[in-house]
Amino acid sequence: MTTKTKILLIDDHRTVLRLLEAILRMRGYELLYAENGQQGMAMARQERPDLILLDVMMPEIDGFKVCQYLKGQPETAAIPVVFLTARGAEDDQETGRKVGAQGFLTKPFLAREVLDLIERLLAGRREAQ
């Protein structure tokens with residue numbers, strides 16, 4: 001029995017979550033959801049997804065801090081993190097790289113660019129294992 005690839009979506013906007021769900025379910029990914037950073041960190045530690053799509057701007061704890069925390073934990077450090085955000089300035093992208101993100105996509109995003117980046121990162125992760 002093969003297990004589905006798990007992707008954790010961490011975003012406080014339901015519209016974005018529904019859009020990502022429509023894009024990713026067609027490819028057969030198993031999706032996990034968190035609506036804030038605290039939930040996302042707990043879900044990542046518990047479920048150990050294959051990849052995380054993470055919003056930057058969220059209440060209480062932003063995506064940069066979530067990513068930095070996850071990259072600092074042995075059980076979640078190797079999980080690729082992709083930021084999906086409306087904040088696409090170069091300094092935001094630099095901050096994302098510094099906290100350990102492997103990708104950065106600006107909203108609004110195209111389905112193809114999301115899928116291409118996810119597939120590239122998942123292929124790289126499989127090769128590294």
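Bear in mind these aren't lab numbers, they're just calculated from the coordinates by the rules spelled out. Treat the numbers as computed from the prediction; the structure is a model and nothing was measured. Note: ideal-geometry Cβ built from the backbone for every residue, glycine included; neighbour counts use all protein chains shown.
Here are the numbers for the structure shown:
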quantity	calculated
Among 117, 17, 93 - extreme Cα towards positive end, dipole of segment 6-128, charges at beta-carbon	117
Exposure proxy order (Cβ contacts within 10 Å, fewest to most) of 81, 99	99, 81
Vicinal HN-Hα couplings computed from phi for segment 85-92 (Karplus, 6.51 cos²θ - 1.76 cosθ + 1.60; Hz; Gly/Pro x)	8, 7, 8, x, 5, 4, 5, 5
Extension gain (nm, one decimal) between residue 115 and residue 38, 0.36 nm per residue minus Cα-Cα	25.1 nm
Long-range amide H partners of residue 84 with built H, under 5 Å	54, 55, 56, 105
Hz values of 3J(HN,Hα) by residue in segment 93-106 - Karplus curve (6.51, -1.76, 1.60), Gly and Pro given as x	5, 5, 4, x, 5, 5, 8, x, 5, 9, x, 8, 10, 9
Residue-wise HN-Hα coupling along segment 19-28, computed from phi with Karplus coefficients 6.51, -1.76, 1.60 (Hz; x: Gly, Pro)	5, 4, 4, 4, 5, 7, 5, 4, 8, x
Packing-based exposure ordering (other Cβ within 10 Å, fewest first) of 61, 52, 118	61, 118, 52
Pairs of Cα atoms farther than 23 Å apart, the chain, %	22
FRET E, pair residue 30, residue 97, Förster distance 22 Å, beta-carbon r, rounded to 0.05	0.20
